[in-house]
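**Student:** Shown below is the structure under consideration.
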Amino acid sequence: MTAHWTEYDPSHFRMTTGDDLFDVHDHFTRWRRDAEPEGYNLYLQSLASAPTPSVRLERNGTDLFNLASYNYLGLSHRPEVIAAAQEGLARYGLGAAGSPTLSGLLDIHKDLETAIAAHKGVDDAILFPSGYSANIGIISALVSPGDSVIADISSHASIFDGCQFAQARLSLFRHNDMSNLKKRLETVQGRKLVIVEGVYSMDGDIAPLDKVAELCRQYGARLMVDEAHSAFIYGEKGRGLAEHFCIEDQVDVHFGTLSKSLGGMGGYAAGSSSLIYYLRSYARSQMFSCALAPPLVTGVSEALRIAIAEPELRTKLWHNVAVMRETLLELNVDIGTSTSQVIPIMVRNDKIIFEITRALEAAGVYLNPILFPAVKQKQSRFRVSVSAAHDPDQLRTAAQLIAQVLKTHKVIK
């Protein structure tokens, strides 16, 4: 008897025991074809519009209120950003046509790196093709076999993959548990790098960076902070959670992305001049990749200028976050431990989350179902991303629609 598709998930198809390496592809394809009509067709959906507060689904032309895209400051579709990208295209062409080490480094790349470093208040910065490749390149350049990385268990996959690529010893501590981090630091010998995120992308809570930094000083560990979801929006000047906790000078490696708050694409590392000089020679994911496309660089550079020049965008964002949080909580919606612009809508029922997704779409709300292996089993959820571009009244309406759908499906009372 053929097993039902629900007895498996994508993690079951990572290895094959057959004689042919490609056997697993056929097994996965059969499973996915069975799973798609039941809900997996809600992944890899094509949008036919920009990631604005309203998006259009290509498959049926439906316009939905968008709570799924990062774009925290609403900059990806700003006219000035689009114009800057068009100017970069006209002057430099479509691509850099080379790696940064050889022919691909343009003056605009250097200008953006300088601007990021100045904004972060450090010596220098280096650009990467994506946030994922940045973490891979940074970690694999800084640690070697025999070195130890101590990371929060809720860290992004790119951090784990960077450690695997470096063949470093990886020690995980319980999420935001400082006593457990201390225990790990006490038991790890030799050179060590502690890695935490600013805002955790699935739970929306923040790391206690001041306490992490204190433990790193106490036990002689270097500190790397992944500010993918906190750069440009936390802190008085938008320099991130390290600024928020007043520990910027205690962070050895500042990591961030250009795709979240700035609405573009790419990643960066910022820090001392010697650190960045070293990464230029040893971060393989940067050395052996084509440099960021010129239109992207000029567009992101303008987005960064706006983010710095218009602090009211951060004020608007945090007002919207407060509106969304307060409305959801008033309606008894479980948002977990979130304190940020990333707000999980906890369902904790893998069997009905696809059905709820379709009901939300029918109600006019675009959200993505998140379940194992992206999160633990029975921890399925939706992830709301609040933006400065959202309208507060629309957020209240969306929260009410979410609550109605959850109530219908008996997730809340």
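The values are calculated or read from the model by the stated rules, or taken from the named source; none is laboratory data. A quick note: this is a predicted structure, and the numbers were derived from the prediction, not measured. Because the Cβ atoms are built from the backbone with ideal geometry, glycine has one as well, and the counts that use them run over all protein chains shown.
**Student:** State whether the residues of region 355-366 include one that is assigned to a strand (DSSP E or B), buried (at least 16 other Cβ atoms within 10 Å of the Cβ) and not small (G, A, S). Give the steps one after another, and end with the answer.
**Tutor:** Initially, region 355-366 is screened for residues assigned to a strand (DSSP E or B), giving 365-366.
From what is left, the residues that are buried (at least 16 other Cβ atoms within 10 Å of the Cβ) are 365-366.
Going one step further and asking which of them are not small (G, A, S), we end up with 365-366.
Yes: one or more hits.
**Student:** May I pose another question? Name the residues in region 289-339 that are farther than 24 Å from A96 by Cβ and among the charged types (D, E, K, R), would you?
**Tutor:** Within region 289-339, E310, E312, R314, K316, R325, E326, E330, D334 meet the criteria.
**Student:** Return a yes/no flag: does region 7-25 have any residue that is surrounded by 12 or more Cβ atoms within 10 Å (Cβ to Cβ), small (G, A, S), modelled with pLDDT under 95 and under 26 Å from L367 (Cβ atoms).
**Tutor:** There is no residue in region 7-25 that is surrounded by 12 or more Cβ atoms within 10 Å (Cβ to Cβ), small (G, A, S), modelled with pLDDT under 95 and under 26 Å from L367 (Cβ atoms).
Every residue, every condition in (1) part of a loop (DSSP other than H, G, I, E, B); (2) of a type in the set (A, V, I, L, M); (3) farther than 23 Å from H229 by Cα, yes or no:
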residue: D20; (1), (2), (3): yes, no, yes
residue: V24; (1), (2), (3): no, yes, yes
residue: T29; (1), (2), (3): no, no, yes
residue: R33; (1), (2), (3): no, no, yes
residue: P37; (1), (2), (3): no, no, yes
residue: L44; (1), (2), (3): yes, yes, no
residue: T52; (1), (2), (3): yes, no, no
residue: S76; (1), (2), (3): yes, no, no
residue: A84; (1), (2), (3): no, yes, yes
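**Student:** I would also like to ask the following. Within region 275-330, work out how many residues are assigned to a loop (DSSP other than H, G, I, E, B) and acidic (D, E).
**Tutor:** Summing the residues that are assigned to a loop (DSSP other than H, G, I, E, B) and acidic (D, E) in region 275-330 gives 1.
**Student:** While we're here: Regarding S387, is this residue in a loop (DSSP other than H, G, I, E, B) and within 30 Å of P79 (Cβ to Cβ)?
**Tutor:** yes
**Student:** Right, here's the next one. Looking only at region 187-233, count how many residues are part of a loop (DSSP other than H, G, I, E, B) and either outside the structural domain of F245 (by TED's automatic domain parsing) or over 22 Å from L275 (Cβ atoms) (or both).
**Tutor:** Residues flagged as part of a loop (DSSP other than H, G, I, E, B) and either outside the structural domain of F245 (by TED's automatic domain parsing) or over 22 Å from L275 (Cβ atoms) (or both) within region 187-233 amount to 10.
**Student:** Same structure again: Which ones in region 110-139 are in a strand (DSSP E or B) and either more than 25 Å from S201 (Cβ to Cβ) or in contact with an Asp or Glu (Cβ under 7 Å, 6 or more places away or on another chain) (or both)?
**Tutor:** Restricting attention to region 110-139, the residues satisfying the condition of being in a strand (DSSP E or B) are 124-128.
Within region 110-139, D124, A125, I126, L127 qualify.
**Student:** Also, quick follow-up: Here are some residues: A309, A303. Which one is closer than 30 Å to I108 by Cβ, among the hydrophobic types (A, V, I, L, M, F, W, C) and touching a residue at least 40 places away in the same chain (Cβ under 8 Å)?
**Tutor:** After applying the criteria, what remains is A303.
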